[in-house]
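For reference, the structure is listed below as structure tokens.
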Amino acid sequence: RAKAQLAQHVCFYEPGMDELVRKRRNVATELRKALDTGQLSIHYQVQTSVATGGILGYEALVRWLHPVRGAVPPAEFIPIAEESGLILQLGEWVLRQACAAAATWDSPCKVAVNLSPMQFSQVSLLALLKAVLEETGLAPTRLELELTESTIFMDRKHALELLADIKALGVSIALDDFGTGYSSLDILRSFSFDRIKIDASFVQDAESDLQTFSVIRAVLSLGKSLNIPVMAEGIETPSQFSMLKEAGCDEFQGFLLGRPLPLEHIVQSGQMGLVSRAV
Ligand code: C2E
Ligand code: MG
Ligand code: MG
Ligand code: MG
């Protein structure tokens, strides 16, 4: 009976899986084309500090404008890029663009670039970072790399060594989407990150769920005792902002403070180096 049920499941699932695989392969082909034909761009989202009342930096977020499908969200194509290996080319492109852009800014604020697990296990990452910094003339202290717990989890020993080498360059490291991975606390005692970013999902539930808010407060106090700044991601409303601020959070990113915008827009709006109005 169980066997029959299993067989049924297999039959039921197979066509769907096929389709999924085909779709993913299709997206990968299209993404390869997108890289070569300039369909990709980068938006920059402001990161602010309450203590200094100013802009800490901008996070580079890749955008794909497909000629037929329109805007394709990173959540859809980044995993496929990762799977197909295209992330190496894509990631290098984002890194180079973002560093080149930041090098032209009047303000000495940072540019934050997301790194995928595969980029991180690439042997040549350190060399790439050095080359891009030299090419673009960006001071290493102005580059921050954002990586998630899962990236480090993949190959811990390698990851910790590489992180130390990157830090030695002067580049800073942020732990992104904190709280959503498996081994947060273990990672925190193994490496001294320059920043912890509390995942947006915590911020979104903070007001309606006391337990979530308690966890956020615990992370903020952990940051304080480890002397690591904690940034809240996904701040959308003034009440989320004041709740987090009152809890002792000092750094913020989210639609309330600024949406991800094309580079020209940020420079034109004169937002660079000024105090964000929401703060
Ligand atoms: P992330 O690194 O955690 O980036 C923050 C995401 O939250 C961005 O989504 C941003 O647009 C979104 N966000 C910011 N503020 C708010 C807010 O107030 N409310 C809501 N609902 N969302 C907000 P995006 O741009 O869609 O990117 C999603 C994820 O894709 C990123 O999460 C990152 O993991 C990945 N990603 C984006 N660009 C790159 C890239 O160049 N390389 C790599 N490896 N991954 C990237
Ligand atoms: Mg990020
Ligand atoms: Mg994040
Ligand atoms: Mg994320």
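The values are calculated or read from the model by the stated rules, or taken from the named source; none is laboratory data. Computed from a predicted model, the values in this text were never measured in an experiment. Neighbour counts are summed over all protein chains in view; Cβ atoms, including those assigned to glycine, are modelled from backbone coordinates with ideal geometry.
Counting only residues that are in contact with a Leu (Cβ under 9 Å, 6 or more places away or on another chain) and under 19 Å from residue 173 (Cβ atoms), how many does segment 48-57 have?
Of the residues in segment 48-57, 1 are in contact with a Leu (Cβ under 9 Å, 6 or more places away or on another chain) and under 19 Å from residue 173 (Cβ atoms).
So which residues in segment 147-162 are part of a helix (DSSP H, G or I) and within 16 Å of ligand 2 (Cβ to nearest atom), if there are any at all?
Result: 149, 150, 151, 152.
Looking only at segment 163-178, which residues are farther than 14 Å from residue 116 by Cα and in contact (Cβ under 8 Å) with a residue 60 or more places away in the chain?
172
Return the residues of segment 94-140 that are hydroxyl-bearing (Ser, Thr, Tyr) and away from ligand 4 (no atom under 16 Å from the Cβ); say none if nothing qualifies.
104, 107, 121, 124, 136
With the checklist (1) farther than 28 Å from residue 247 by Cβ; (2) touching a residue at least 24 places away in the same chain (Cβ under 8 Å); (3) of a type in the set (A, V, I, L, M) in hand, flag the one item residue 206 doesn't pass.
Only one criterion is unmet by residue 206, namely (1).
Answer yes or no as to whether residue 132 is without any contact (Cβ under 8 Å) to a residue 24 or more places away in the chain, more than 18 Å from residue 47 (Cβ to Cβ) and either in contact with a Phe, Trp or Tyr (Cβ under 8 Å, 6 or more places away or on another chain) or more than 14 Å from ligand 2 (Cβ to nearest atom) (or both).
Answer is no for this residue.
Here are some residues: 254, 270, 179, 223. Which one is of a type in the set (Gly, Ala, Ser), within 17 Å of residue 56 (Cβ to Cβ) and either at pLDDT below 95 or within 16 Å of ligand 4 (Cβ to nearest atom) (or both)?
254
Filter segment 112-158 down to the residues that are out of contact with any Lys or Arg (no Cβ under 6 Å at 6 or more places or on another chain), farther than 21 Å from residue 187 by Cα and surrounded by 18 or more Cβ atoms within 10 Å (Cβ to Cβ) and list them by number.
129, 133, 136, 138, 143 - these are the residues of segment 112-158 that are out of contact with any Lys or Arg (no Cβ under 6 Å at 6 or more places or on another chain), farther than 21 Å from residue 187 by Cα and surrounded by 18 or more Cβ atoms within 10 Å (Cβ to Cβ).
Check 90, 61, 143 and return the single one that is within 16 Å of ligand 3 (Cβ to nearest atom) and either in contact (Cβ under 8 Å) with a residue 40 or more places away in the chain or touching a strand residue (DSSP E or B) at 6+ places or on another chain (Cβ under 7 Å) (or both).
From the options 90, 61, 143, the qualifying one is 61.
Within segment 102-124, take every residue that is aliphatic (A, V, I, L, M) and within 18 Å of the chain's Cα centre (by Cα) and give me the one that is nearest to ligand 2 (Cβ to nearest atom).
Taking the candidates together, the pick is 112.
Take the residues in segment 1-35 that are under 20 Å from residue 73 (Cβ atoms) and among the polar types (S, T, N, Q); name whichever of them is modelled with the lowest pLDDT.
26
Is it the case, given these coordinates, that residue 179 is within 16 Å of ligand 2 (Cβ to nearest atom) and over 28 Å from residue 132 (Cβ atoms)?
yes
In segment 235-251, is there at least one residue being β-branched (Val, Ile, Thr) and in contact (Cβ under 8 Å) with a residue 24 or more places away in the chain?
Checked against the condition, which is being β-branched (Val, Ile, Thr) and in contact (Cβ under 8 Å) with a residue 24 or more places away in the chain, segment 235-251 yields at least one hit.
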